[in-house]
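The block underneath contains the structure these notes are about, expressed in structure tokens.
The values are calculated or read from the model by the stated rules, or taken from the named source; none is laboratory data. Note that the structure is a prediction, hence the values are computed from the model and not measured. Quick reminder, even Gly has a Cβ in these numbers, built from the backbone with ideal geometry, and neighbours come from all protein chains shown. Remember, those area values only see protein heavy atoms, side chains included, never the ligands or the DNA or RNA. Shrake-Rupley method; radii C 1.70, N 1.55, O 1.52, S 1.80 Å.
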Amino acid sequence: MTSSGTDPEGPSPSAAWEVLLPAASAPARARGRALQAALRDAVRSGLLAQGARLPSSRDLAADLGVSRGLVTEAYEQLTAEGYLRSGRGAGTWVGGAVRAARPRARDLAPRPPGARADFVPGTPDLSLFPRAAWGAAHRAVLADLPHHQLGYPDPRGLPRLRLALAELLARRRGVVADPERLVIVSGVAQASALLGLALHARGTAAVGVEDPGSPQHSALYAGAGVRAVPLPLDDEGLAMDPLRSSGVRAVVTTPAHQFPTGIAYSARRRAELLDWARSVDGFVLEDDYDGDFRYDRAPVGALQGLDPERVAYAGSVSKSLAPGLRLGWLLVPEALAEAVVERKRTTDLGHPALDQALFARFVERGDYDRQLRRCQRAYRERRDAVVNALREHFPGARVSGVAAGLHAIAELPQRYGPQERFLARAAAAGVYVRALDQYAHTRVPHDGSLRLVLGYAHLSPSRILDGVRLMAQAVADG
């Protein structure tokens, strides 16, 4: 490539101009756009440094084997955009407006810690995702979806999906499912944020959260401007006296399978909770995060079914299909419905229509019921594997809480403690596990117990056995 017309201090041909060669070989109709894009990227990346002089249009056209007009047009376009500058009879230079930045795309998604065994709860077995059935539903929906449904949807969701979900939730979870008050959301996280915004608009300053409980609840409501007030539990669920004296008028609960303790709210406590909500003109915000998975009996119906005007009900496919789908639902009391729908509208103008139509077909054809049964069998087997592994390697250990969900609470005899030392030895052995009190919002002196939260859904039975064996060896070796 000729060097005539270039600045001695500028980039060498190998460093800068060779990046333009692919553009010169692009199809004739795309060659001009390709040349402009290549020049633009060379300036952005710093290959063409600020102040560097460019070859004349005649020299560069000759080097690249393209018409001079093509190069002249590229120079003029990038000069107009501010990438280049030129003066009559003075040549063309790289402008000073661009700051070179090397492009990057970091992946901030949560990742497993790389441990030999990872018992952190909350993750389903993503290998159970029904790729074939999902793909078939995707193709069918693409073929059949009317053009108008690719426009902005009803912010509540496609009527087809709301009708299908209303039938499913009434049948499986015992809710009172009015499709007009059902809002399709991107998971329980968005449902919580929308409820928080609606409550804040009503003047609600604080919401009660279970303690111990999910750390996400506090953060999500705080992000909506509503302060989280930790409230203790007893053996039946949320303790009523602290709730009554807290002054809050809304409370977040996981009554079917409390996270993380694993208890199910008693019938008495469910009734007391609803009586409290009526007495303060308040609301119960029900997170039914794994309510479909009960292994010793039929699942307890959702609290919302007892009083749909006092309970907002949220769920998602994160545990049954995959959290990456970002797909969930929210049943809203009438008093909150208008505010929630308006917040949904202004937040994102509605959930993606194609995803909604796909899931509607998946539910209508029974594929989602089949997926739930498949997960139920797999997760029951894995919970049994946890119980058997603890019985073998930690004599005297007890699994508490109901037989449900994707995690279990293991209570180990005190001889395996103290807790801090146990966790340190497990970590040194490559086993990632959390203690129950790590989910407490309010720190209290440790009572000497050793209770572990063991997430098992994402682990095969053999991996569960290996992980528990590693923990036992770590304690014995210490």
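Looking at the stretch 393-478, the strands (runs of 3 or more DSSP E) lying wholly inside it that each contain 2 or more residues that are of a type in the set (G, A, S) and within 29 Å of the chain's Cα centre (by Cα) sit at 407-412. Applying a threshold of 6 Å to beta carbon distances and a minimum spacing of six or more residues, or different chains, the list of pairs starting in the stretch 364-389 at a residue that is of a type in the set (V, I, T) and ending at one that is part of a helix (DSSP H, G or I) reads V386/I464.
For the condition touching a helix residue (DSSP H, G or I) at 6+ places or on another chain (Cβ under 9 Å), within 20 Å of L330 (Cβ to Cβ), modelled with pLDDT under 95 and open to solvent by 10 Å² or more (accessible area, probe 1.4 Å), A228 does not qualify. Return a yes/no flag: does the stretch 224-231 have any residue that is outside any helix (DSSP H, G or I), small (G, A, S) and closer than 18 Å to V453 by Cα. So far as the stretch 224-231 goes, no, none of its residues is outside any helix (DSSP H, G or I), small (G, A, S) and closer than 18 Å to V453 by Cα. If the condition is being part of a loop (DSSP other than H, G, I, E, B) and more than 15 Å from L327 (Cα to Cα), then the stretch 154-194 contributes D154, G174, V175, V176, A177, D178. If the condition is being surrounded by fewer than 21 Cβ atoms within 10 Å (Cβ to Cβ) and small (G, A, S), then the stretch 231-261 contributes A239, S245, S246, G247.
Within the stretch 83-98, the set of residues being of a type outside the set (A, V, I, L, M, F, W, C) and open to solvent by less than 50 Å² (accessible area, probe 1.4 Å) comprises Y83, G87, G91, T92, G95, G96. In the stretch 156-166, the qualifying residues are those that are of a type outside the set (A, V, I, L, M) and free of Cβ contacts under 8 Å to residues at least 60 places away in the same chain, and the one that is nearest to R383 (Cα to Cα) is R162. Filtering the stretch 356-366 to residues that are closer than 30 Å to S460 by Cα and open to solvent by less than 30 Å² (accessible area, probe 1.4 Å) leaves L358, F359, F362, V363, G366.
Among the residues of the stretch 107-124, the one identified as under 20 Å from L452 (Cβ atoms) and of a type in the set (D, E) is D118. For the stretch 324-355, the set of residues classified as part of a loop (DSSP other than H, G, I, E, B), aliphatic (A, V, I, L, M) and open to solvent by less than 20 Å² (accessible area, probe 1.4 Å) consists of L327, V332, listed by residue number. Scanning the stretch 441-458 for residues that are surrounded by fewer than 17 Cβ atoms within 10 Å (Cβ to Cβ) and either at pLDDT 95 or above or of a type in the set (K, R) (or both) turns up just one, R443. The residue that is nearest to D178 (Cα to Cα), among those in the stretch 283-312 that are in contact with a helix residue (DSSP H, G or I) (Cβ under 6 Å, 6 or more places away or on another chain) and of a type in the set (V, I, T), is V311.
Across the stretch 65-82, the qualifying residues are those that are over 48 Å from the mean Cα position of the chain (by Cα) and not small (G, A, S), and the one among them that is most open to solvent (accessible area, probe 1.4 Å) is R68. Of the numbered criteria (1) among the hydrophobic types (A, V, I, L, M, F, W, C); (2) surrounded by 15 or more Cβ atoms within 10 Å (Cβ to Cβ); (3) under 16 Å from V284 (Cα atoms), the one L158 fails is (3).
Is it the case, given these coordinates, that H217 is buried (at least 20 other Cβ atoms within 10 Å of the Cβ), modelled with pLDDT under 95 and not aromatic (F, W, Y)? In short, yes. A428 passes every criterion in (1) over 23 Å from T261 (Cβ atoms); (2) of a type outside the set (D, E); (3) free of Cβ contacts under 8 Å to residues at least 60 places away in the same chain; (4) surrounded by 13 or more Cβ atoms within 10 Å (Cβ to Cβ) apart from (4).
On the basis of being closer than 23 Å to R171 by Cβ and either crowded, with 17+ Cβ neighbours inside 10 Å or out of contact with any helix residue (DSSP H, G or I) (no Cβ under 6 Å at 6 or more places or on another chain) (or both), does D384 make the cut? So D384 does not fit the description; no. When the residues of the stretch 114-155 are filtered to those that are surrounded by fewer than 14 Cβ atoms within 10 Å (Cβ to Cβ) and aliphatic (A, V, I, L, M), the one that is nearest to R382 (Cα to Cα) is L126. Does any residue of the stretch 286-297 turn out to be part of a loop (DSSP other than H, G, I, E, B), of a type in the set (F, W, Y), over 25 Å from the mean Cα position of the chain (by Cα) and surrounded by fewer than 24 Cβ atoms within 10 Å (Cβ to Cβ)? Checked the stretch 286-297: at least one residue is part of a loop (DSSP other than H, G, I, E, B), of a type in the set (F, W, Y), over 25 Å from the mean Cα position of the chain (by Cα) and surrounded by fewer than 24 Cβ atoms within 10 Å (Cβ to Cβ).
Scanning the stretch 298-321 for residues that are in contact (Cβ under 8 Å) with a residue 24 or more places away in the chain, assigned to a loop (DSSP other than H, G, I, E, B) and of a type in the set (A, V, I, L, M, F, W, C) turns up V300, A302, V317, L321.
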